[in-house]
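To keep things clear, I will list the structure first and then write my remarks on it.
What follows draws every value from the coordinates through simple rules; no lab data is involved. Note that the coordinates shown come from a computational prediction; the quantities given were computed from them, not determined experimentally. For neighbour counting, all protein chains shown are included, and Cβ atoms are generated from backbone atoms with ideal geometry for every residue, glycine included.
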Amino acid sequence: TLLLNTRKLRRPVREPLAGPGDAVFQPDGRFLMRFEDRLEYFIDDKPHRVSVPPEHIGDVADAKWMARGPGGGFALVGPNHMLLVRGGRFTRLPPPKRASGGEVGEIIGVVDDGRAFGVVTDETDDIDGSPELWRTSDGMQWDEPVGLPLGGEIRALSYGPYGFLVVGARKSRGR
């Protein structure tokens, strides 16, 4: 005689994952972590779920970088969007724009520093073939871009007492 267990089998629940770059810290020790499309704000090692408005869930999930935001808070940045999270409020930051109206490339890097906020955009046909560094102090107005003499891919950005340091690697020929 064969006995079958007729109870419904529960499928394992997959918890969202956090990866490299999915955390950003404030000087007071508080930090924000991203778990795919979910955010947790940590105060004294105690997590607090951040309620993400439905219209921003895609921006959170598609963020590639997290950094301290201009003027405070946190910035979640993807190749084509920037989202500022400050005091429980979510605000889309306007992307950099040329005064001439010319093309601006996708975001390929973010300055992860509380003293300066900036993004690096990819080269376009409108510029001399190099990535550009765009800076903003308030998240609304962008300074004129600075061309980066880098013949390759951005790997890391930093800001220090002597300015910006951009580290890169040659582009692979197969791309």
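Taking 0.36 nm per intervening residue step and subtracting the Cα-Cα distance, what contour gain separates S158 from R89 on full extension? Mind dumping the intermediate values first?
Working: separation 69, 0.36 × 69 = 24.84 nm, distance 2.70 nm.
Full extension from S158 to R89 adds 22.1 nm.
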>> Two decimals, Cα atoms only, Kirkwood Rh: what is Rg/Rh over the chain?
In response: 1.11
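How long are the semi-axes of the ellipsoid equivalent to region 91-168, from square roots of 5 times the Cα gyration tensor eigenvalues, in whole Å, largest first?
Values: eigenvalues 65, 58, 20 Å².
Over the Cα atoms of region 91-168, the ellipsoid semi-axes are 18, 17, 10 Å.
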> Okay, helix-only estimate at 222 nm for the chain: each DSSP H run of n ≥ 4 adds -39500 (n - 2.57), divide by all residues, round to 500 deg cm²/dmol; what do you get?
Replying inline: -1000 deg cm²/dmol
> Over the C-alpha atoms of region 45-107, what are the Rg and the largest Cα-to-Cα span, Dmax, in Å?
Replying inline: 13.2, 48
> Given R₀ = 35 Å, FRET efficiency for D113-E55 by Cβ-Cβ distance, to 0.05?
Replying inline: 0.75
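Using per-residue counts of other Cβ atoms within 10 Å, averaged over each peptide, order 79-87, 94-102 from highest down. Intermediate values should be presented prior to the final figure.
Numbers: 79-87: 16.9, 94-102: 12.1.
Final packing ranking: 79-87, 94-102.
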> What FRET efficiency comes out for the pair N80/D45, r = Cβ-Cβ distance, R0 = 30 Å, nearest 0.05?
Replying inline: 0.30
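Compute the relative contact order of region 27-147 as a whole-number percentage, counting only Cα pairs closer than 8 Å that sit 6 or more residues apart in sequence. Present the calculation step by step, with values, prior to reporting the outcome.
On the way: 241 pairs, mean separation 18.8, N = 121.
Result for region 27-147 is 16 percent.
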> How far, in nm, would the chain grow between T124 and E144 when pulled straight, counting 0.36 nm per residue and subtracting the alpha carbon separation?
Replying inline: 5.6 nm
> Which of the peptides 67-74, 55-62 is most tightly packed, and how do the rest follow, going by the mean number of other Cβ atoms within 10 Å of each residue?
Replying inline: 67-74, 55-62
> Under a 5 Å amide H to amide H cut-off, with H placed in plane at 1.01 Å, what residues pair with I108 once short-range neighbours are removed?
Replying inline: V120, T121, D122
